[in-house]
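Contents: one structure, followed by commentary.
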Amino acid sequence: MKQYIVLQVVLKEKFFGVGSKNLTQLENVINQQAEKGYRLHTISTTNGGSKGFGGGDRIQATMVFERID
């Protein structure tokens, strides 16, 4: 079984106001891996800038999950 898994999630920032529109997607990815016996080891983010009219910013979250034995 793999000892580490690397996954990416793109967070879409709201055009007006602050905060991400899809933090639940990030939470779901973390919880799914926890159910499989992995824990979040490292997370890093990069800002992707605006993507078109009314799109807001995009933040790419890269997560490394470590197998818990």
Within the set of pairs 6 or more residues apart or between chains, which connect a residue that is touching a residue at least 24 places away in the same chain (Cβ under 8 Å) inside the stretch 33-44 to a residue that is among the β-branched types (Val, Ile, Thr) and assigned to a strand (DSSP E or B) with Cβ atoms less than 9 Å apart? 33/5; 38/5; 40/64; 41/64
Yes or no: residue 66 modelled with pLDDT of 85 or more and over 13 Å from the mean Cα position of the chain (by Cα)? yes
Residues (at pLDDT 95 or above and either over 12 Å from residue 61 (Cα atoms) or not β-branched (Val, Ile, Thr) (or both)) located in the stretch 24-38: 31, 32, 33, 34, 35, 36, 37, 38
Contacts under 9 angstrom Cβ, first residue in the stretch 1-20 being surrounded by 14 or more Cβ atoms within 10 Å (Cβ to Cβ) and among the hydroxyl-bearing types (Ser, Thr, Tyr), partner at pLDDT 60 or above and not in a loop (DSSP other than H, G, I, E, B), 6 or more apart: 20/11; 20/12; 20/13; 20/26; 20/59
Given the condition closer than 25 Å to residue 69 by Cβ, outside any strand (DSSP E or B), among the basic types (Lys, Arg) and modelled with pLDDT under 90, answer yes or no: does some residue in the stretch 1-23 qualify? yes
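The values are calculated or read from the model by the stated rules, or taken from the named source; none is laboratory data. If you're wondering where the values come from, they're calculated on a predicted model, not measured in any experiment. As a convention, Cβ positions derive from the backbone with ideal geometry for all residues, glycine included, and neighbour counts pool all protein chains shown.
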